[in-house]
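The structure appears right after this line, and notes come after that.
The values are calculated or read from the model by the stated rules, or taken from the named source; none is laboratory data. Computed from a predicted model, the values in this text were never measured in an experiment. For neighbour counting, all protein chains shown are included, and Cβ atoms are generated from backbone atoms with ideal geometry for every residue, glycine included. Remember, those area values only see protein heavy atoms, side chains included, never the ligands or the DNA or RNA. Shrake-Rupley method; radii C 1.70, N 1.55, O 1.52, S 1.80 Å.
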Amino acid sequence: MCSLVSRLIVLCFALPAVVAPSLHAQAAASPALIVDAVTNSKPLPEGIEVQTGAAILRITALRDDIIRVRIAPDALPEDASWAVLPEARSKSVNVQSIDESSFVGFHTAALEVRVEKNPARIVIQDLSGNVILADSVGRPVTFRSGGFSVHKAMLGGEHFFGLGDKTGAFDRGGQAYTLWNTDVGPQESVDPLYKSIPFFLAIHETRSYGIFLDNTWRTWFDFGKSARDAYAFGAEGGPLDYYFIYGPSPKQVVEKYAYLTGKPPLPPLWALGFQQSRYSYFPESQLREIATRLRNDRIPCDVVYLDIDYQDRNRPFTVNTKAFPDFPGLVSDLRKQHLHLVNITDLHIAHAPNQGYSPYDSGHAGDHFVKNPDGSEFVGAVWPGPAVFPDFTRAQTREWWGTLYKEFVSEGVSGFWNDMNEPAVFDGPGKTMPTNTVHRIEEPGFTTRTATHAEIHNIVGLENARATYEGLLKLRPNERPFVLTRATYAGGQRYGFTWTGDNAATWNHLRLATQMVLNLGVSGIPFVGADVGGFNGSPPPALLTRWVEQAAFSPFFRDHATKGSLPHEVWNNGPEQEAIRRRYIETRYRLLPYFYELADEASRTGLPLMRPVFLEFPEIFERTYPGFENLDTEFLLGPSLLIAPPPFGEMVNDYAVAYPPGQWFDFWTGEKMPPQPHAPSIADVVKAAPGTTFSGPRSIHPGLETLPVYVREGSIIPMQPVVQYTDEIPAGPLELRVYPGTHCAGAIYLDDGHTFDYQQGKYLRQSLTCESDANALHLKFHAREGSYAPWWKLMEIVIYDWPAAHAQAKFSSSTYPLKTAYDEKQHALHVMLSDVTGEAELTVRGRSAH
């Protein structure tokens with residue numbers, strides 16, 4: 001939905017960026033408490049506690065590879081968190097204490113943690129003595145005016161990622177950011193934005209680590225912008241409480257961060273389909289026209305949206321009955337067309353006493369709204385005009401909020417969209433509520449107390465989404481909720497999907513979309529996307545087409561546009577553009593088995609679906625792999641698919657694709673790509689014959705109709721026939737595309753797509769592996785888990801890089817050879833099997849017989 005600033009988009013460019021304070025600015029203010037020399041220490045079973053004058057440091061090991069650091073100017077504050085799971089925060093491992101003349105500390109099975117005595121300085125290294133993290137020399141931890149700053153040494157050549165949906169360069173190095181949830185379109189020069197995820201991933205040589213600063217106040221991060229030899233972070237208030245997470249691989253860091261803050265729930269399958277939205281489809285007849293056109297044009301789609309105009313006077317949880325005279329009938333008719341409806345439900349409640357507006361009346365009666373310092377209800381202007389705001393830090397308020405969905409749920413609305421929840425307040429300071437407004441923390445695990453908005457602001461969106469998710473669970477206990485939120489905090493992945501907010505219909509915003517989604521993925525939020533085509537403005541035909549192509553490979557695939565823009569729907573700009581866009585949406589639906597297997601993996605590990613290349617190939621930062629120095633447009637879908645759009649979408653000249661190490665295949669043609677030429681090492685140059693030339697990544701020049709997509713060797717990709725919606729049973733076999741190579745493996749996951757029955761064993765999970773040599777390929781089916789019966793009766797095995805039609809295929813459970821078919825154009829051998837439910841092996845011979 002459009003923000004106030006989005007409608008006056010020029011103002012976005014005029015807003016000043018909020019940046020971190022200089023590393024040296026602290027010298028101008030006083031007094032300050034500086035964490036100086038160690039005056040006392042005592043070992044703990046799980047770590048160490050250190051005194052430095054009045055300050056206290058407690059460093060503990062939750063696991064051998066996760067270290068928690070808490071520092072306070074006097075006594076340690078309450079041990080509570082909105083982000084870190086109680087079961088993770090309460091874990092610990094026993095450590096081996098160290099007490100030397102110049103430092104104290106401890107060992108775990110993976111790390112050595114030292115606190116140097118004079119001056120006090122934390123150093124963490126691996127057991128081989130490699131320093132991974134160290135406080136910056138001469139820049140001690142400092143407390144001032146309720147806030148703090150921490151400085152860490154830059155080791156040289158480090159790369160930094162994370163912090164959620166920030167703009168600017170993909171690698172955070174050399175940049176500074178503020179985390180303060182703000183309703184402003186993601187313009188290139190604006191910070192902060194909608195989300196506050198104070199977690200970053202650092203990569204240095206072959207070792208990776210993460211830092212999560214568990215602080216809900218306004219925080220800041222400076223990755224070497226103010227000083228080349230140090231990075232820094234801090235907050236204007238609240239506790240100094242951070243977690244060090246050791247990989248050593250970046251993928252392990254992301255998984256361990258999910259261990260701390262939670263894994264996402266498995267979404268309904270329909271949420272992975274194509275979704276069509278606009279601000280606004282109004283009146284009812286227009287939404288019906290959109291639904292009919294989607295089906296008539298055979299554009300696969302699962303979801304349509306209603307933005308704020310469906311409401312009575314923009315009041316949440318109401319319906320404008322003049323424009324939508326038969327809302328229950330509309331929902332029912334959409335479901336008959338196999339379309340799910342998602343309604344927007346902003347968190348602000350119209351301040352409408354004595355007007356029969358139930359959300360306000362029941363909220364006021366239950367004392368559920370945020371207060372002014374004098375105890376009156378805070379009232380601020382948003383879409384309904386004067387509005388009040390639920391106090392989501394109260395468990396009973398969240399429970400009340402969940403009950404507001406009862407009527408929509410009973411009418412069959414499938415999901416809900418929590419927007420404007422930074423919280424946005426049109427007439428408030430900084431477009432939000434004043435920092436002295438009062439929240440009440442009434443929450444298990446926390447001391448009951450009041451808190452100012454300065455402390456709570458960054459978690460309003462998180463707790464809003466939580467209240468919606470938990471409310472829907474109570475109303476539909478066996479249906480997976482779909483919740484889409486704009487603002488959130490660390491741990492927001494526990495409650496569903498998010499998107500990058502009110503972007504713009506420009507080529508640069510298409511580029512930014514990739515960077516933002518990737519950084520949100522490594523920040524723990526796997527189910528995320530950007531508004532296709534750009535929310536603000538009208539995309540030219542080529543831009544919308546390219547955006548549909550790229551977004552077809554992103555987790556959240558929604559076309560959305562603002563009021564006053566030209567239509568964005570897929571059929572606009574003529575049949576040629578529609579045909580290209582339809583092809584990519586159909587490809588998305590063909591790949592749904594792969595997407596769903598990745599979603600299952602995300603729910604178990606926290607790994608993102610859409611991944612930066614370094615997550616699978618951290619070695620690309622080494623000198624011998626050129627072309628990745630500014631890698632911010634190529635990305636991976638899962639471990640197997642490489643998507644390589646133009647670095648700048650509007651460019652018409654050739655561009656270089658940097659293939660990660662290993663063999664790659666063209667997804668569209670099956671062609672085996674030539675080996676990636678790498679830049680030479682010194683040894684290569686020395687050994688090379690005189691006159692030898694070395695080249696880097698290969699140049700390509702695809703047309704608009706082709707988005708380059710490549711498949712990693714050793715991949716087994718499950719695919720299905722095209723369907724128009726996820727309710728439709730595919731007509732044909734499950735296709736398993738096998739790309740021979742090293743570490744060949746894949747998996748299938750399936751369940752009913754919408755209930756929690758999978759938690760009771762009603763699912764299907766099957767792993768596959770393959771081995772190949774010059775003459776044969778062996779595809780092994782491992783035993784299935786779960787009791788769910790699949791839709792397919794047949795499996796079509798497609799083996800790529802097969803040189804000729806000659807082949808002998810045999811299945812382990814049969815004495816008869818199997819029929820094969822050969823696709824000469826794609827160099828692919830096809831073998832049809834009955835569904836394989838248990839341990840079995842397909843052997844195909846004859847690769848070299850041609």
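Observations
- Accessible surface of the chain [probe 1.4 Å, protein heavy atoms]: carbon and sulfur percent: 53
- Distribution of pairwise C-alpha distances over the range 89-146, 5 Å bins, in %: 4, 17, 22, 23, 16, 11, 5, 1, 0
- Value of D in µm² per second that Stokes-Einstein yields for the range 229-361, Kirkwood Rh from Cα pairs, at 25 °C (0.890 mPa s): 129
- Mean Cβ count within 10 Å, highest first, over the residues of peptides 723-731, 377-385: 377-385, 723-731
- Spread of Cα-to-Cα distances over 10 Å intervals beginning at zero, given as percent, for the range 31-139: 15, 46, 33, 6, 0
- The range 686-819, Rg to Rh (Cα coordinates; Rh as Kirkwood inverse mean 1/r): 1.09
- For the chain, accessible area per residue (1.4 Å probe, heavy atoms of protein chains only), Å²: 35
- Rounded to whole Å, the principal axis extents of the Cα atoms in the range 357-423 read 41, 24, 22, largest first.
- Counting 0.36 nm for each residue step from ILE700 to ASN40 and taking away their Cα separation leaves a gain of 231.3 nm.
- Residue-averaged 222 nm ellipticity for the chain, from DSSP H runs of 4+ at -39500 (n - 2.57), nearest 500: -5500 deg cm²/dmol
- As a length-normalised measure over Cα pairs under 8 Å and 6 or more apart, the relative contact order of the chain settles at 10 percent.
- Charge dipole (the chain, unit charges on Cβ, about Cα centre) - positive-most of ILE203, HIS743, PHE106: HIS743
- Probe 1.4 Å, all protein chains present, accessible-area order of THR450, THR292, THR219, largest first: THR450, THR292, THR219
- The fraction of all Cα pairs in the range 139-266 landing in successive 5 Å bins from 0 to the largest distance is 2, 10, 20, 22, 22, 15, 6, 1, 0, given as whole percents.
- Legend: residues LEU404, LEU544, sorted from most to least accessible area (1.4 Å probe; ligands, DNA and RNA excluded), read LEU404, LEU544.
- The convex hull built on the alpha-carbon positions of the chain has an orientation-averaged projected area of 37.8 nm².
- The distance from the alpha carbon centre of the range 98-124 to that of the range 377-430 is 48 Å, rounded to a whole number.
- Rg and Dmax of the range 294-412, based on Cα coordinates, read 16.6, 58 Å.
- Cβ-defined net charge surrounding ASP241, 11 Å radius [Lys, Arg +1; Asp, Glu -1]: +1
- Positive-end ranking of PHE212, TYR589, VAL69 along the dipole of the chain, with charges on Cβ about the Cα centre, is headed by TYR589.
- Between TRP668, VAL613, PHE170, the Cα set farthest toward the positive side of the dipole of the chain (charges on each charged residue's Cβ, about the Cα centre) is that of TRP668.
- Summing Lys and Arg as +1 and Asp and Glu as -1 over all other residues whose Cβ lies under 10 Å from the Cβ of VAL460 gives a net charge of -3.
- Accessible area (Å², 1.4 Å probe, nearest 10) - THR843: 20
- Cα-derived Rg over Rh, computed across the range 742-850 with Rh taken as Kirkwood radius: 1.03
- Cα-based radius of gyration of the range 434-588 once divided by 2.2 N^0.38 Å, which approximates compact folds: 1.26
- Under the criterion of Cα pairs below 8 Å and six or more residues apart, the relative contact order for the range 91-158 equals 17 percent.
- Look at where the Cα atoms of the range 214-243 and of the range 139-161 average out, and the two centres are 6 Å apart.
- Peptides 460-468, 504-512, 410-418 ordered by average Cβ neighbours within 10 Å, highest first: 460-468, 504-512, 410-418
- Alpha-carbon centroid distance for the pair the range 252-269 / the range 793-807, whole angstrom: 36
- Sorted largest first by accessible area at a 1.4 angstrom probe radius, with every protein chain in place, the residues THR321, THR485 fall in the order THR321, THR485.
- Cα gyration tensor shape of the range 231-283, rounded if a/c is under 1.5, else prolate or oblate by comparing a/b with b/c: oblate
- Ranked by how many other beta carbons lie within 10 Å on average, peptides 49-58, 832-841 from highest: 49-58, 832-841
- Amide hydrogen proximity for ARG278: with H placed 1.01 Å from N in the peptide plane, the residues at 5 or more positions away or on another chain lying under 5 Å are TYR305, ASP307, ALA561.
- Area accessible to solvent at ILE132, 1.4 Å probe radius, in Å²: 10
- Remark on THR432: its backbone amide H falls under 5 Å from those of VAL425, a criterion applied only to residues 5 or more positions apart or on other chains, H modelled at 1.01 Å from N.
- Restricting attention to the chain, close to 85% of DSSP beta bridges with both partner residues there are antiparallel.
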